[in-house]
(Lines give C-alpha, C1' and ligand atoms only; values in the text may rest on other atoms or scores of the structure.)
Protein backbone atom coordinates (compact mmCIF):
# COMPACT_ATOMS: atom_id res chain seq x y z
CA UNK A 1 0.00 0.00 0.00
CA UNK A 2 1.35 3.40 -1.00
CA UNK A 3 1.29 5.99 1.77
CA UNK A 4 0.49 9.62 0.98
CA UNK A 5 3.23 12.25 1.19
CA UNK A 6 3.15 14.93 3.88
CA UNK A 7 5.19 18.14 3.77
CA UNK A 8 6.07 19.66 7.14
CA UNK A 9 7.58 23.16 7.14
CA UNK A 10 9.04 25.01 10.09
CA UNK A 11 8.43 28.64 9.22
CA UNK A 12 8.51 31.89 11.20
CA UNK A 13 10.05 32.67 14.57
CA UNK A 14 12.73 30.03 15.10
CA UNK A 15 15.96 31.39 16.58
CA UNK A 16 18.31 28.48 17.15
CA UNK A 17 16.07 26.26 19.31
CA UNK A 18 16.20 22.46 19.18
CA UNK A 19 12.97 21.18 17.58
CA UNK A 20 11.52 17.68 17.38
CA UNK A 21 8.62 16.80 15.04
CA UNK A 22 6.80 13.47 15.29
CA UNK A 23 4.04 11.73 13.33
CA UNK A 24 1.93 9.46 15.52
CA UNK A 25 4.72 9.52 18.10
CA UNK A 26 7.51 8.55 15.66
CA UNK A 27 10.20 11.22 15.33
CA UNK A 28 10.64 12.40 11.72
CA UNK A 29 12.70 15.54 12.41
CA UNK A 30 15.13 16.19 15.27
CA UNK A 31 17.17 19.33 14.69
CA UNK A 32 19.45 20.79 17.37
CA UNK A 33 19.33 24.43 16.19
CA UNK A 34 16.43 25.54 13.98
CA UNK A 35 16.72 29.09 12.68
CA UNK A 36 14.29 30.89 10.34
CA UNK A 37 15.85 32.38 7.23
CA UNK A 38 14.22 35.80 7.36
CA UNK A 39 14.50 36.40 3.60
CA UNK A 40 12.16 33.51 2.84
CA UNK A 41 10.34 32.83 6.12
CA UNK A 42 11.46 29.20 6.27
CA UNK A 43 13.66 27.39 8.79
CA UNK A 44 13.40 23.76 7.60
CA UNK A 45 11.11 21.44 5.68
CA UNK A 46 10.75 17.74 5.11
CA UNK A 47 8.52 15.50 3.03
CA UNK A 48 7.63 12.13 4.52
CA UNK A 49 5.36 9.17 3.88
CA UNK A 50 2.52 9.29 6.39
CA UNK A 51 -0.63 7.37 7.21
CA UNK A 52 -3.76 8.88 5.66
CA UNK A 53 -4.90 10.06 9.09
CA UNK A 54 -2.20 10.98 11.57
CA UNK A 55 -1.21 13.29 14.39
CA UNK A 56 1.63 15.71 13.76
CA UNK A 57 3.29 17.17 16.83
CA UNK A 58 6.18 19.63 17.21
CA UNK A 59 8.05 20.25 20.44
CA UNK A 60 10.70 22.61 21.75
CA UNK A 61 11.93 20.73 24.81
CA UNK A 62 13.80 23.65 26.40
CA UNK A 63 10.66 25.80 26.68
CA UNK A 64 8.11 22.98 26.92
CA UNK A 65 6.24 24.44 23.96
CA UNK A 66 4.17 21.90 22.00
CA UNK A 67 1.82 22.19 19.03
CA UNK A 68 -0.06 19.37 17.38
CA UNK A 69 -2.91 18.65 15.07
CA UNK A 70 -4.71 15.73 13.52
CA UNK A 71 -4.32 15.62 9.74
CA UNK A 72 -6.04 13.84 6.87
CA UNK A 73 -3.05 13.82 4.55
CA UNK A 74 -5.16 13.20 1.43
CA UNK A 75 -7.02 16.49 2.07
CA UNK A 76 -4.36 18.62 3.75
CA UNK A 77 -0.90 17.36 2.76
CA UNK A 78 0.96 20.43 4.07
CA UNK A 79 1.63 21.32 7.71
CA UNK A 80 3.17 24.64 8.76
CA UNK A 81 4.69 25.15 12.19
CA UNK A 82 5.65 28.58 13.52
CA UNK A 83 7.10 29.85 16.78
CA UNK A 84 5.76 33.04 18.29
CA UNK A 85 5.44 34.78 21.66
CA UNK A 86 2.70 32.34 22.70
CA UNK A 87 4.73 29.27 21.71
CA UNK A 88 4.39 26.93 18.76
CA UNK A 89 1.41 26.92 16.40
CA UNK A 90 0.58 24.33 13.76
CA UNK A 91 -1.81 24.61 10.82
CA UNK A 92 -2.54 22.43 7.81
CA UNK A 93 -3.72 23.13 4.29
CA UNK A 94 -4.22 21.77 0.81
CA UNK A 95 -1.98 24.18 -1.13
CA UNK A 96 1.78 24.39 -0.62
CA UNK A 97 3.35 27.65 0.54
CA UNK A 98 5.82 29.18 -1.87
CA UNK A 99 9.20 30.27 -0.53
CA UNK A 100 11.39 32.78 -2.36
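The values are calculated or read from the model by the stated rules, or taken from the named source; none is laboratory data. These numbers come from a predicted model, not from an experiment. Backbone-built Cβ (ideal geometry, glycine too); neighbour counts: all protein chains shown.
Hey, can you tell me all the residues within the range 88-100 that are without any contact (Cβ under 8 Å) to a residue 40 or more places away in the chain and assigned to a loop (DSSP other than H, G, I, E, B)?
The answer is 94, 95, 98.
As an exercise: evaluate residue 5 against (1) surrounded by fewer than 18 Cβ atoms within 10 Å (Cβ to Cβ); (2) touching a residue at least 60 places away in the same chain (Cβ under 8 Å); (3) under 10 Å from the mean Cα position of the chain (by Cα) and give the number of the one condition it does not meet.
Among (1) surrounded by fewer than 18 Cβ atoms within 10 Å (Cβ to Cβ); (2) touching a residue at least 60 places away in the same chain (Cβ under 8 Å); (3) under 10 Å from the mean Cα position of the chain (by Cα), the lone unmet condition for residue 5 is (3).
Residue-wise test of (1) crowded, with 16+ Cβ neighbours inside 10 Å; (2) farther than 20 Å from residue 94 by Cβ; (3) at pLDDT 95 or above.
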position: 9; (1), (2), (3): yes, no, yes
position: 23; (1), (2), (3): yes, no, yes
position: 28; (1), (2), (3): yes, yes, yes
position: 59; (1), (2), (3): yes, yes, yes
position: 63; (1), (2), (3): no, yes, no
position: 73; (1), (2), (3): yes, no, yes
